[in-house]
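One structure below.
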Amino acid sequence: MPRIQLLSPRLANQIAAGEVVERPASVVKEVLENSLDAGATRVEIDVEAGGSKLIRIRDNGGGMAAEDLPLALARHATSKIASLEDLERVGSLGFRGEALASIGSVSRLTLTSNPADDGSEGSSAACEGRDMEVLLRPAPHPRGTTVEVRDLFFNTPARRKFLRTEKTEFSHLEEVVKRLALSRFDVAFSLRHNGRVLHNLKPGDSQAERQRRVATICGPAFMEQALYIETDQPPLKLWGWVGLPTFSRSQADLQYFFVNGRIIRDRLVAHAVKQAYRDVLYHGRHPAFVLYLELDPAQVDVNVHPTKHEVRFRDGRAVHNFIFSSLHRALADVRPGDQQADSSADLGDGTAVDTLTGEITRQGGLAWGIQPASSGSAGTGGAAAYRGQAGAAPGLAAEQVRDYGRVHGLPAVDADEEVPPLGYALAQLRGIYILAENARGLVLVDMHAAHERITYERLKTARAHEGIRSQPLLVPRAVAVSQREVQVAAEHGDLFQRLGMVVEVAGDESLVIRQIPVSLRDSNVEQLLRDVLADLIEFGSSDRIEGHLDEILSTMACHGSVRANRRLTIPEMNALLRDMEETERSGQCNHGRPTWTQLSVEELDRLFLRGR
Ligand code: ADP
Ligand code: MG
C-alpha cells in the first residue's frame, strides 16, 4: 500500500463533481439555481453543441464583489447558510457550496460579475492548475452575473465518453430549464441553442400568465385537459394542474412536483399520486401533473442527496394523506358539467388531443368540467333495459325502475332552455354510441363504457353502505413476518377490520389471518397482507385491499352492463345520460377510457367551412 497523502484541490473537486456534474444538464441546473438564489428576474441561457462545448448563463441578480469571486469558486464556501439551524430550514435552492468548485474542476469556467448598479466595472475570475488558483481581473459587466462553462469534461476523458449525442444532451438540458421555468413564473427565461432561440418565456404571476407558461412548456393539450386544484389545509398547501385521467401518457414524462419551489422525485409523493389515480386510469398509463406543495421548510429535509432531487418529510404520513385526498377528491368530482371556461379560451387555437395517445387529432377541445362534490349518492337507477343485467350483482336494488314519463322524449334544444350538461338523446349509432344534443352542440357517448362506470360506482357505494361481506377461514393462515411488520399490523387492526379482514398477532414474528372478504377467497391473501404491510411501513397507508376489492367489482360491473348492439329507446338513453351526470368519475369507464366527448357547433361549422 502506498502512503496516505492529501488529494490536490482539483482532484478532490473532481471527485465531488462525480456526484453533481453528470452531464451538461447538471451544470445548467446548478448555475440556474444560483441565479434564482441571487434574486434574478431574468436569465439568459446560451448553449453550443448540446452544452458540451459551451454553456453561458447570464442573470440580473445580486452579483458578487471581486473579493468574493475566489470564494465562490472554492469548495465548502457558501453565502446561503452559516449554521446548522440554517440548514434545518433552508429556503434557498443551494447550500452545499460545492457546485461551482466541482464544475470548475472539470471544465474551463469563467465567472464575471458585478454587484453594483452604478456603472462601475465588474470583475472576472477563472481557476487554473492543480490547486485551482484563481485568476482575477477587471471586466465590464452590468449588475448581475455571467457564468461561462466551456469544454465540459475536457480533462476527464472517461466522463466525456459517457456523454450522448448533442441532441440527447440538449434535450436533458432543455428539460432542466423547463422545470426551473415551471418553478418560478415570475422570472423570465430564454434559451438559445447554436444561436437559435428555442424558448423565450415572459415573466408574469397572474393565473392567466401561469397557465400560458404551463401550456407552453407542457403543451396546450395538457392545459385543455387539466384541472386546476388548490387545497389549503395549514400547514400544508397543494396547488397546480392535474391532467384528466383521459389525458394519460404512456411514459411518466409529464410529471412535475415541486416542494417549496424545488423539483423533486420522491417515492412517497409518487405513491400518493398513483393511489389517487388508481380507479380512473387506463391500465399501464401514467398521469400528467404540475403540482406545487408548500409547507414549513423546517418540515422537510432537503439535505438527503447531493443533487437534492430527493427530500425527506418529517411527517411523511400526513403529506401522503394530504396529497392523496386532495387529488382523489378532485378526480372524483370530474363531471359532465360546466365547461372549463378559462384555459381553453386562453389558448385559443382550439387544438385537441386523442385522449389515449395524447396525439393532436382534431380542432376543438373536449368539454370537461367540474362540479362541486355531490352527495355521492348511489344513483337512482336507470332505465330497465340498460340496467337490467346488472341485477345479478349483489347490492344492486332490483326495484330501481325508472318512471319513464318524467324523462323527456325528443325535445328540441333551444338556446335559453335549461339543458342538462349531457343534453337529450337524439339517436343511437351502430348499437354502440348515443348521440345527444346539449347547449354546446353534439354529445357522443360510448354507452357500454358509460354504463360500466355507473354500475361500478353503484356497486362501490352499496359496499360502503352495507359493509364488506367477510367469512372466517376454515383453517386460519399463519404468516411469518418481521417484528416491525407485527407491530404495524397491530397498529392498523382497524384498517383490516374495516375491509373485512381479521389479522391477529400470533407471536413476535408471526401473524395469523382468521377472516377474509368473501370476494377475495380466490386471491393470494398472504401476499396481499405482505404488500399491505410493506406499504404501511413505507407510506403509512395502503389501498391494496380496496384495489383488489374494486377490481372484482369492476369485473362484475363490466359483465353486468349493457353490451354493444343493444337497442335502447330514447327515454332509456336519456336516463343513462342523467345517471352519468350524477355519477362520480363518469368521464372514464372502469379501465380509464373516456365515456363521452363533445363536438361543439363551432367545431361542426368549421368542419363544413360555414361562416367563412
Ligand atoms: P451554493 O449555491 O451551494 O452556495 P455554489 O458553488 O453553487 O454553492 O455557489 C457558491 C456561492 O457563489 C454562492 O453561495 C453564492 O454566494 C455565489 N454565487 C454563485 N452564483 C451566483 C450568482 N449567479 N449570483 C450571485 N452569487 C452567486
Ligand atoms: Mg449553487
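Being within 13 Å of ligand 2 (Cβ to nearest atom), free of Cβ contacts under 8 Å to residues at least 40 places away in the same chain, of a type in the set (A, V, I, L, M) and open to solvent by 20 Å² or more (accessible area, probe 1.4 Å), is that true of even one residue in segment 81-91? Please lay out each step first, then the result.
To start, the set of residues in segment 81-91 that are within 13 Å of ligand 2 (Cβ to nearest atom) comprises 81, 90.
Those left that are additionally free of Cβ contacts under 8 Å to residues at least 40 places away in the same chain: 81.
Now restrict to residues that are of a type in the set (A, V, I, L, M): 81.
Okay, now just the ones that are also open to solvent by 20 Å² or more (accessible area, probe 1.4 Å), so 81.
So far as segment 81-91 goes, yes, one or more of its residues are within 13 Å of ligand 2 (Cβ to nearest atom), free of Cβ contacts under 8 Å to residues at least 40 places away in the same chain, of a type in the set (A, V, I, L, M) and open to solvent by 20 Å² or more (accessible area, probe 1.4 Å).
Restricting to segment 229-249, count the residues that are without any contact (Cβ under 8 Å) to a residue 60 or more places away in the chain and under 22 Å from D279 (Cα atoms).
To start, the set of residues in segment 229-249 that are without any contact (Cβ under 8 Å) to a residue 60 or more places away in the chain comprises 230, 232, 234, 237, 239-241, 243.
Next, only the ones that are under 22 Å from D279 (Cα atoms) stay: 230, 239-241, 243.
Residues meeting the conditions: 5.
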Meets criteria (away from ligand 2 (no atom under 14 Å from the Cβ), within 28 Å of T168 (Cα to Cα), open to solvent by 20 Å² or more (accessible area, probe 1.4 Å) and of a type in the set (S, T, N, Q)) for Q5: no
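So which of T78, T112 is surrounded by 22 or more Cβ atoms within 10 Å (Cβ to Cβ), of a type in the set (V, I, T) and within 13 Å of ligand 1 (Cβ to nearest atom)? Don't jump to the end; show me each part of the working.
Details: T78 fails: surrounded by 22 or more Cβ atoms within 10 Å (Cβ to Cβ).
On inspection, the qualifying residue turns out to be T112.
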Residue within segment 440-458 that is hydrophobic (A, V, I, L, M, F, W, C), in the same structural domain as I537 (by TED's automatic domain parsing), touching an Asp or Glu at 6+ places or on another chain (Cβ under 9 Å) and modelled with pLDDT under 95 present: yes
Condition met for R335 (among the basic types (K, R) and either open to solvent by 20 Å² or more (accessible area, probe 1.4 Å) or in contact with a helix residue (DSSP H, G or I) (Cβ under 6 Å, 6 or more places away or on another chain) (or both)): no
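Identify, from the list E85, E22, E67, E44, the residue that is of a type in the set (D, E), part of a loop (DSSP other than H, G, I, E, B) and away from ligand 1 (no atom under 11 Å from the Cβ).
Numbers: E85 fails: part of a loop (DSSP other than H, G, I, E, B); E67 fails: part of a loop (DSSP other than H, G, I, E, B); E44 fails: part of a loop (DSSP other than H, G, I, E, B).
Residue meeting the stated conditions: E22.
Listed here are the residues, each with its yes/no results for (1) open to solvent by 80 Å² or more (accessible area, probe 1.4 Å); (2) in the same structural domain as V242 (by TED's automatic domain parsing); (3) at pLDDT below 95.
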{"site": "D117", "(1), (2), (3)": "yes, no, yes"}
{"site": "S123", "(1), (2), (3)": "no, no, no"}
{"site": "E148", "(1), (2), (3)": "no, no, no"}
{"site": "F162", "(1), (2), (3)": "yes, no, yes"}
{"site": "D186", "(1), (2), (3)": "no, no, no"}
{"site": "L191", "(1), (2), (3)": "no, no, no"}
{"site": "R196", "(1), (2), (3)": "yes, no, no"}
{"site": "Q225", "(1), (2), (3)": "no, yes, yes"}
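Considering each residue of segment 125-136, count those that are in a strand (DSSP E or B) and either open to solvent by less than 80 Å² (accessible area, probe 1.4 Å) or outside the structural domain of A72 (by TED's automatic domain parsing) (or both), and give that number.
Within segment 125-136, the first condition is being in a strand (DSSP E or B), and the residues that meet it are 125-128, 133-136.
Add one more test, that the residue is either open to solvent by less than 80 Å² (accessible area, probe 1.4 Å) or outside the structural domain of A72 (by TED's automatic domain parsing) (or both), and what stays is 125-127, 134.
Residues meeting the conditions: 4.
Residues that are under 30 Å from Y282 (Cα atoms), at least 2 per element: which helices (runs of 4 or more DSSP H) completely within segment 137-245 meet that?
Values: elements: 157-160, 166-183, 207-218, 220-224.
The helices (runs of 4 or more DSSP H) meeting that bar are 166-183, 207-218, 220-224.
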Number of the exception - G39 against (1) at pLDDT 95 or above; (2) part of a loop (DSSP other than H, G, I, E, B); (3) near ligand 1 (Cβ under 8 Å from one of its atoms): (3)
Residue in segment 93-110 that is touching a Cys at 6+ places or on another chain (Cβ under 6 Å), modelled with pLDDT of 95 or more and either not aromatic (F, W, Y) or not assigned by TED's automatic domain parsing to the domain that holds P306 (or both) present: yes
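Any residue that is of a type in the set (S, T, N, Q), touching a residue at least 60 places away in the same chain (Cβ under 8 Å) and touching a helix residue (DSSP H, G or I) at 6+ places or on another chain (Cβ under 8 Å) - is there at least one of those in segment 128-146?
yes
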Filter result (in a loop (DSSP other than H, G, I, E, B) and buried (at least 20 other Cβ atoms within 10 Å of the Cβ)) within segment 283-301: R285, P287, A288, L295
Only listed residue being assigned to a helix (DSSP H, G or I) and either of a type in the set (S, T, N, Q) or not assigned by TED's automatic domain parsing to the domain that holds V503 (or both), chosen from S542, S554, S561, S586: S554
Those residues of segment 26-51 which are touching an Asp or Glu at 6+ places or on another chain (Cβ under 6 Å) and either away from ligand 2 (no atom under 16 Å from the Cβ) or within 28 Å of F162 (Cα to Cα) (or both), in sequence order: S35, A49, G50, G51
Qualifying positions in segment 88-106 - more than 7 Å from ligand 1 (Cβ to nearest atom) and either outside any loop (DSSP other than H, G, I, E, B) or closer than 14 Å to A16 by Cβ (or both): E88, S102, I103, G104, S105, V106
Residues satisfying the stated conditions in segment 245-266, i.e. surrounded by 17 or more Cβ atoms within 10 Å (Cβ to Cβ) and of a type in the set (S, T, N, Q): T246, S248, Q255, N260
Count of segment 200-223 residues which are small (G, A, S) and loosely packed, with under 14 Cβ neighbours inside 10 Å: 2
Residue tally, condition among the aliphatic types (A, V, I, L, M), surrounded by 17 or more Cβ atoms within 10 Å (Cβ to Cβ) and within 16 Å of A490 (Cα to Cα), over segment 529-566: 4
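Give the residue, chosen from A66, A116, A99, A126, that is within 15 Å of ligand 2 (Cβ to nearest atom) and either among the aliphatic types (A, V, I, L, M) or in contact with a Lys or Arg (Cβ under 9 Å, 6 or more places away or on another chain) (or both).
Details: A66 fails: within 15 Å of ligand 2 (Cβ to nearest atom); A116 fails: within 15 Å of ligand 2 (Cβ to nearest atom); A126 fails: within 15 Å of ligand 2 (Cβ to nearest atom).
Of the residues listed, the single one that is within 15 Å of ligand 2 (Cβ to nearest atom) and either among the aliphatic types (A, V, I, L, M) or in contact with a Lys or Arg (Cβ under 9 Å, 6 or more places away or on another chain) (or both) is A99.
The values are calculated or read from the model by the stated rules, or taken from the named source; none is laboratory data. Note that the structure is predicted; figures quoted are calculated from it, not measured. Counting neighbours? That spans all protein chains shown, and the Cβs are built from the backbone with ideal geometry, glycine included. For the accessible areas, the whole protein counts, side chains as well, though only heavy atoms, and no ligand, DNA or RNA atoms are used. Shrake-Rupley method; radii C 1.70, N 1.55, O 1.52, S 1.80 Å.
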